[in-house]
1. Failed condition for MET147, given (1) open to solvent by less than 30 Å² (accessible area, probe 1.4 Å); (2) touching a residue at least 40 places away in the same chain (Cβ under 8 Å); (3) not β-branched (Val, Ile, Thr), with all others met?
2. So which residues in segment 31-48 are open to solvent by less than 60 Å² (accessible area, probe 1.4 Å) and either modelled with pLDDT under 95 or in contact with a Gly (Cβ under 7 Å, 6 or more places away or on another chain) (or both)?
3. Give segment 96-135 a look and list any residue that's surrounded by fewer than 20 Cβ atoms within 10 Å (Cβ to Cβ), in contact (Cβ under 8 Å) with a residue 40 or more places away in the chain and among the small types (Gly, Ala, Ser), or say none.
4. Can you list residue pairs whose Cβ atoms sit under 8 Å apart, with the first residue in segment 60-87 being in contact (Cβ under 8 Å) with a residue 12 or more places away in the chain and the second being acidic (Asp, Glu)? Count only pairs 6 or more apart in sequence or on different chains.
5. When segment 58-68 is examined, which residues are found to be open to solvent by 10 Å² or more (accessible area, probe 1.4 Å) and under 18 Å from the mean Cα position of the chain (by Cα)?
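The values are calculated or read from the model by the stated rules, or taken from the named source; none is laboratory data. Small disclaimer: the values here were computed from a predicted structure and weren't measured. Neighbour counts run over all protein chains shown; Cβ positions are idealised from the backbone, glycine included. Surface accessibility is based on the protein's heavy atoms, side chains included, excluding ligands, DNA and RNA. Shrake-Rupley method; radii C 1.70, N 1.55, O 1.52, S 1.80 Å.
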Amino acid sequence: MKKKLRITLAVALGGLPFVAGGIQNWYMLSYMDSLLPYSLISIFLLLAWGCIAFILKGNHQKTKDIVISLNLIAMLDLFLLAIQELILHAYWMNSIGAWSQLFYLPLVNLGFTLTNWSHNVFSAYAVSFALMFLASLAGCKLREKVMK
């Protein structure tokens with residue numbers, strides 16, 4: 001029962017970037033003349049993502065279960081962005097189209113920095129997902145080392 005609860009919690013916490021992206025979007029639209037420390041926001045979110053994975057990784061939890069469940073919403077969002085960017089070449093004009101872009105907003109600055117060779121927005125989203133995946137994997141592996 002604890003395992004199911006922990007995985008359900010991981011999936012629920014996987015939606016936190018929506019909240020961060022929504023807050024960042026609100027701030028950027030409300031205070032257009034101010035500049036945010038976008039790189040620091042990206043790094044902070046990745047550190048928080050690793051900390052969440054570290055906390056969720058229990059003594060008998062499988063790393064694979066935690067990493068996949070924590071990044072499940074991110075995978076779904078990346079899939080929706082792939083449809084919009086690569087197949088349709090346009091974002092959906094509804095809440096799904098808007099929120100799918102906001103999910104990676106806190107990380108997209110770092111994603112663009114790492115994909116400056118690409119002229120495709122989707123590559124920045126894909127790198128942002130990879131960074132989240134690696135941060136959660138690192139959090140789980142760090143917990144394993146600490147518990148030994």
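1. Looking at each condition in turn, MET147 falls short on (1).
2. Taking segment 31-48 and keeping what is open to solvent by less than 60 Å² (accessible area, probe 1.4 Å), we get 34, 36, 41-42, 45-46, 48.
Residues satisfying the conditions are SER34, LEU36.
3. ALA126
4. Matching pairs, first to second residue: THR63/GLU144.
5. THR63, LYS64, ASP65, ILE68
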